[in-house]
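Below is one structure, written out as structure tokens, with a few remarks after it.
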Ligand code: SF4
């Protein structure tokens, strides 16, 4: 890396002692680029073996990469921590202004350790770190906290405000952290880790500039990447309709989970399609910093006041494919207004939309099958499409007025282990499922992915692009998924928006890295990706992850997909092979033998 680059500076903050220090860690950035690679190394260094995710010992690590602030769509921040939902590796990515604010504040990584006795928020402004009493903010929702901190933290500079709502305060294991109102560290419970530390918010402000090695090479490569980004049809799709564009094609394909995945195709949900939402509700589009695409779609929901004629309030509510699936189709909600109002509630209380939808879908089916009764739900009649009841239940997940809601707040894996209904409890590696029932690759990809996310390796793409046309044995499928996941470690270390993966191909990355002082060819990049992936699995195995204990929900085998060859023995054989691959029992170079078959690409998905 460049000698004069602040990227190597790692800020360590201790909330117990209210102290901080800065260390130069060029060694880490030289070895792992940044982002996920550096965060995984720091997690291994700072997270004690077997630590309770909600104890002061659990570190929160934020990391960015060498392209942050320099190139279009290098706009994400990686957060790494031990997840209170899965009890294992927690990794979540967020856009907004977070990454560029960190870069301009002069840090490549920030580690937050310890816990405060009282609620506080911290503000990081260049080399200054301040600890503020946040007692008056504790109990407030996301929107109010953002508004108040914006008022307090006025001044020059590029700023981000990461904060939690009541979900994080109440330690909902899938509570999120919100930045800039519509972007989130959504998955795996970072909000609960904030809450356990009495940390209401982190404000980062920066003003410094970013060095480049060669200005003319920078200008030339920047222009090319910008042009490629704005002329790409995939990016046009994200700009026009946002990720909601995927609702219709996934339904047509038969891969859209509906009513707790009791089916995967139903034309009654057409009002939730990207086309219909844009036609009837689109209020504005937004973009993360340094993104010319602007995929963030915000609905304007206009409602009359009950007691005054001709007076209306307008709520601005973001919508994306994943929340539409989880809080819409998965709950049988066909009315856009119902979906938007539930989404608005989930935003305000600060819990992950995907986990919330899957948890509520399981609870609805459990109530239907009388595994639970209205004694558990406190009289709330959860039924498909009943969005008013779901809003009440989401509030109860946060407030936890009885044992049942306390258990729902720990995730569907936990709740179903107590009340039954495991066959239709849709979690993978204890993380609630994403919105793809496209075939075996989607589900296997989430099972073996380091963070049990569809973004780990995009199995949905292999289903649609490859498995629809030709059969693939379980080992070949694992090879293809791992190869994609290795490359995504590089994208996550740089830290690029995955929507730009078709723009930042390996040869492009090789060409632009020298601008930031790095020199790696395609082969070296792929090898580095493999090493970062191995580091994540080292942590997972250290913390007790077991391939043998992965549960395969029966529901995914019962609801047909367009791909027929899809049985539990097939998935178990794949898992056994994946275990051998990541534990080093098999020479991983063998994995490259299926290079041609790899469905590396976009498919219909986010
Ligand atoms: S494409 Fe969307 S998520 Fe990605 S950087 Fe742009 S606005 Fe953010």
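A short reminder: the numbers here are calculations on the coordinates, not readings from a lab. Keep in mind it's a predicted model, so treat the numbers as computed, not measured. Note: ideal-geometry Cβ built from the backbone for every residue, glycine included; neighbour counts use all protein chains shown.
Looking at segment 183-289 from every direction and averaging, what is the projected area of its Cα convex hull in nm²?
11.8
Rounded to the nearest 5, what % of DSSP beta bridges with both residues in segment 6-206 are antiparallel?
Working: 36 of 47 bridges.
In segment 6-206, DSSP labels about 75 percent of beta bridges as antiparallel.
Run a plain Debye calculation on segment 52-95 (Cα atoms as equal point scatterers, no solvent) and give log10 I(q)/I(0) at q = 0.15, 0.22 Å⁻¹, rounded to two decimals, same order as the q list.
-0.45, -0.72
Go through 308-315, 411-418 and give me the packing order, highest mean Cβ count within 10 Å leading. Please list the in-between numbers first.
Values: 308-315: 9.4, 411-418: 22.0.
Going from most to least packed, we get 411-418, 308-315.
Along the Cα-to-Cβ line of residue 567, 7 Å from the Cα, sits a label point; which residues in segment 422-442 have backbone N less than 16 Å from it?
440
Give me the number: length gained by fully extending residue 240 to residue 22, i.e. 0.36 nm times residue separation minus the C-alpha to C-alpha distance, one decimal in nm.
Details: separation 218, 0.36 × 218 = 78.48 nm, distance 4.28 nm.
Full extension of this stretch gives 74.2 nm more.
When you count, for each residue, the other Cβ atoms within 10 Å and take the mean per peptide, how do 1-8, 128-135 rank with the highest first?
For the peptides 1-8, 128-135, the packing ranking is 1-8, 128-135.
So what's segment 6-206 giving for Cα Rg divided by 2.2 N^0.38 Å, two decimals? Could the numbers behind the result be given before it?
Values: Rg = 15.0 Å, N = 201, 2.2 N^0.38 = 16.5 Å.
Scaled against compact globular proteins, the figure is 0.91.
Quote the FRET efficiency, to the nearest 0.05, computed for residue 118 versus residue 335 with a Förster distance R0 of 41 Å and r equal to the Cβ-Cβ distance. Could the numbers behind the result be given before it?
Numbers: r = 43 Å, r/R0 = 1.05.
Computed FRET efficiency for residue 118 and residue 335 comes out at 0.45.
Given the DSSP H assignment, sum -39500 (n - 2.57) over each helix run of at least 4 residues in the chain and divide by its residue total; what's the result at 222 nm in deg cm²/dmol, nearest 500? Show your work: numbers first, answer last.
Working: 24 runs with 238 residues, N = 606.
Per the formula, -11500 deg cm²/dmol.
Need one number: nm distance between label points at residue 403 and residue 585, each 7 Å from Cα along Cα→Cβ, rounded to one decimal.
My value for the distance between the label points is 4.0 nm.
Taking the alpha-carbon centroid of each part, what is the distance from segment 291-353 to segment 111-188 in angstrom?
23
Over the chain, what relative contact order in percent results from Cα pairs under 8 Å that are six or more residues apart? Each step should come with its number before you reach the end.
Details: 1346 pairs, mean separation 94.2, N = 606.
Relative contact order, the chain: 16 percent.
Can you give me the relative contact order of segment 233-398 as a percent, contacts being Cα pairs under 8 Å and 6 or more apart?
Contact order relative to length: 20 percent.
If you average the sequence gap of Cα pairs under 8 Å that are 6 or more apart and divide by the length of segment 6-206, what percent do you get for the contact order? Walk me through the numbers on the way to the answer.
Numbers: 525 pairs, mean separation 46.9, N = 201.
Value for segment 6-206: 23 percent.
Arrange 61, 512 by Cβ neighbour counts within 10 Å, fewest through most, would you? Don't skip to the answer; put the middle values down first.
Working: 61 26, 512 23.
Ascending Cβ contact count within 10 Å gives the list 512, 61.
Please compute the length gained on full extension between residue 538 and residue 267, using 0.36 nm multiplied by the number of residues separating them and subtracting their Cα-Cα distance.
Working: separation 271, 0.36 × 271 = 97.56 nm, distance 4.44 nm.
Additional length available on full extension: 93.1 nm.
Taking every pair of distinct Cα atoms and averaging 1/r, then inverting, what Kirkwood hydrodynamic radius in Å comes out for the chain? Numbers along the way, then the final one.
On the way: mean 1/r = 0.0415 Å⁻¹.
Evaluated over the chain, this radius sits at 24.1 Å.
Which percent, nearest 5, of DSSP beta bridges in the chain are antiparallel? Show your work: numbers first, answer last.
On the way: 52 of 63 bridges.
Given both bridge residues lie in the chain, the antiparallel proportion sits at roughly 85 percent.
Apply the Debye scattering formula to segment 196-237, with a single equal point scatterer on each alpha-carbon and no solvent, then give log10 I(q)/I(0) at q = 0.30, 0.32, 0.35 Å⁻¹.
-0.99, -1.03, -1.10
Pull out the extension gain between residue 127 and residue 230, defined as 0.36 nm times the separation in residues minus the alpha carbon to alpha carbon distance; nm, one decimal.
Taking 0.36 nm per residue and subtracting the Cα distance, the gain is 33.5 nm.
How long, wide and thick is segment 314-418, going by the Cα atoms along their three principal axes, in whole angstroms, largest first?
Principal extents (Cα only, largest first): 38, 23, 22 Å.
If each of residue 388 and residue 312 carries a label point 7 Å out from its Cα toward its Cβ, how far apart are those two points in nm?
Output for this residue pair reads 2.2 nm.
What ranking, highest mean first, results for peptides 22-29, 169-176 when packing means the other Cβ atoms within 10 Å averaged over each residue? Please report the intermediate quantities before stating the final value.
Values: 22-29: 16.6, 169-176: 28.2.
Packing order, densest peptide first, comes out as 169-176, 22-29.
Measure off 7 Å from each Cα along the Cα-to-Cβ vector at residue 52 and residue 551, then give the distance between these two points in nanometres to one decimal.
Between residue 52 and residue 551, the label points sit 2.3 nm apart.
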